[in-house]
Structure formats: structure tokens, C-alpha cells
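Accompanying notes for the structure given below.
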Amino acid sequence: MSIRPILIHPDPRLKTVADPVSDITAELQKLAEDMLETMYDAPGIGLAAPQIGVLSRLIVMDCAKDEGARPQPFAMFNPEVVWASDDKNIHEEGCLSIPETYAEVTRPAEVIVRWTDPSGDPKEDKFTGLWATCVQHEIDHLDGKLFIDYLKPLKRQLITRKMVKLKRERGRA
Ligand SMILES: [Zn+2]
């Protein structure tokens, strides 16, 4: 396994709709493992393939982040929200592609997601709480959407400017 560099917003690859995966090859299984390792290393609770520059519909997540909690890693190919509750939840979200920036986003409180696991088996599960927020945030990445796209334009512009500056500073370091 290896840790992949994470793209920082703004980057055109973070705004691109990712392609469906038709065949889960050994290469894609390895990619899923690399993404989990990259996510745990960051540390983060979710990561989408476009965030490491791969435009395929693949996300990983593990929201079992309490001290001493057993890891619950998910790797989902072609994840799809097939049902969303009318009830909403507000969560303060962050993103590994938008470091040190957090904002409240309103989303459905519960969702049912259908996906294919790394062995090629179809799966379906209901997610609530932080898991529901996280899975929707990651699926958004596959459609070229970031959590800051839910914010008012002015707030979004301020964050984007901060990221441009951060990238410039990191480039110089
Ligand atoms: Zn994100």
C-alpha cells in the first residue's frame, strides 16, 4: 500500500464528473487500499478518488473515529444514493482537499446507498448521523461537487482565495 498525494482546491480534477467503474480490476482494488491508507494517514474519515487525481467512481470512508473504536473501513465503487430522508441534519463539514476549513452544511439526515464492494458484490445499506453526512459528501466529489458549493458565493470565494494562497505557500516551501 502507499500514500497518495491529495489534491487541494482549486483544481479542475475536483470539478470533473468521474467515470463509472465497469470492471473492478486488481489495480482498482489496490487503489481502494491506497485510498484507505491515505485517508487514515491524513487523518480523515472519507476520501474520493478524484481527490487523488483518479476520475473513477470510487470512495472510501470510516467514521468510527472514537478513541479505541474498531476500524470500519468501507470501499464503494459506483456508490449511489437510492433514498434520502425528508429529515435534514446540519453538520460542520471539512474536506481533505480544503484543509483547515469548516462550515455547516444541511443534508438529508438518513440515506440508503447502493454500491459494489471491492470483491464485485452488490451492497446496500442505510447510513445515519455522521456516516450519512460523510457518504453524501464523498459521492458529491464523484460529481465534481465540493461542500463549499453549498455555501453563499462570497463565503466560497473567500475560502477559494485562502486555498490559492495556501497552495502558493506550499509550492514555495
Ligand atoms: Zn471532501
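What are the residues in segment 12-25 that are more than 15 Å from the chain's Cα centre (by Cα) and charged (D, E, K, R), if any?
Hits for segment 12-25 are Asp19, Asp23.
Every residue in segment 10-35 that is in contact with a Ser or Thr (Cβ under 9 Å, 6 or more places away or on another chain) and among the β-branched types (Val, Ile, Thr), please.
Val21, Ile24
I'm trying to understand the selection: among the residues of segment 40-91, which are crowded, with 20+ Cβ neighbours inside 10 Å, hydrophobic (A, V, I, L, M, F, W, C) and closer than 20 Å to Pro122 by Cα?
If the condition is that a residue be crowded, with 20+ Cβ neighbours inside 10 Å, hydrophobic (A, V, I, L, M, F, W, C) and closer than 20 Å to Pro122 by Cα, then Ala48, Ala49, Leu58, Ile59, Val60, Met61, Phe74, Ala75, Met76, Phe77 are the ones that fit.
Would you be able to say whether some residue in segment 27-35 is of a type in the set (Asp, Glu) and not in a helix (DSSP H, G or I)?
No, segment 27-35 has no match at all.
Hey, among the residues in segment 42-91 that are in contact with a Phe, Trp or Tyr (Cβ under 9 Å, 6 or more places away or on another chain) and of a type in the set (D, E, K, R), which one's farthest from the ligand (Cβ to nearest atom)?
Glu80
Would you say Gly94 is surrounded by fewer than 13 Cβ atoms within 10 Å (Cβ to Cβ) and modelled with pLDDT of 95 or more?
Criteria not met by Gly94.
Among the residues of segment 2-24, is any free of Cβ contacts under 8 Å to residues at least 24 places away in the same chain, among the basic types (Lys, Arg) and either surrounded by fewer than 19 Cβ atoms within 10 Å (Cβ to Cβ) or assigned to a strand (DSSP E or B) (or both)?
no
Can you find even one residue in segment 163-172 that is at pLDDT 95 or above, within 13 Å of the ligand (Cβ to nearest atom) and either among the small types (Gly, Ala, Ser) or not in a helix (DSSP H, G or I) (or both)?
Within segment 163-172 (the criterion being at pLDDT 95 or above, within 13 Å of the ligand (Cβ to nearest atom) and either among the small types (Gly, Ala, Ser) or not in a helix (DSSP H, G or I) (or both)), the answer is no, since none of the residues qualifies.
So for segment 131-147 (the condition being surrounded by fewer than 17 Cβ atoms within 10 Å (Cβ to Cβ) and outside any loop (DSSP other than H, G, I, E, B)), does at least one residue qualify?
Among the residues of segment 131-147, not one is surrounded by fewer than 17 Cβ atoms within 10 Å (Cβ to Cβ) and outside any loop (DSSP other than H, G, I, E, B), which makes the answer no.
Which condition breaks for Asp34 when tested against (1) at pLDDT 95 or above; (2) farther than 15 Å from Glu138 by Cα; (3) surrounded by fewer than 17 Cβ atoms within 10 Å (Cβ to Cβ); (4) away from the ligand (no atom under 12 Å from the Cβ)?
The number of the failed condition is (3).
State which residue is farthest from the ligand (Cβ to nearest atom) when the search covers only segment 94-129 and only residues that are out of contact with any strand residue (DSSP E or B) (no Cβ under 7 Å at 6 or more places or on another chain) and under 20 Å from Thr38 (Cβ atoms).
Among those residues, the one meeting the criterion is Glu100.
The values are calculated or read from the model by the stated rules, or taken from the named source; none is laboratory data. The structure displayed is predicted, hence computed values, not measured ones. Note that each Cβ is placed from the backbone with ideal geometry, even for glycine, and that neighbours are counted across all protein chains shown.
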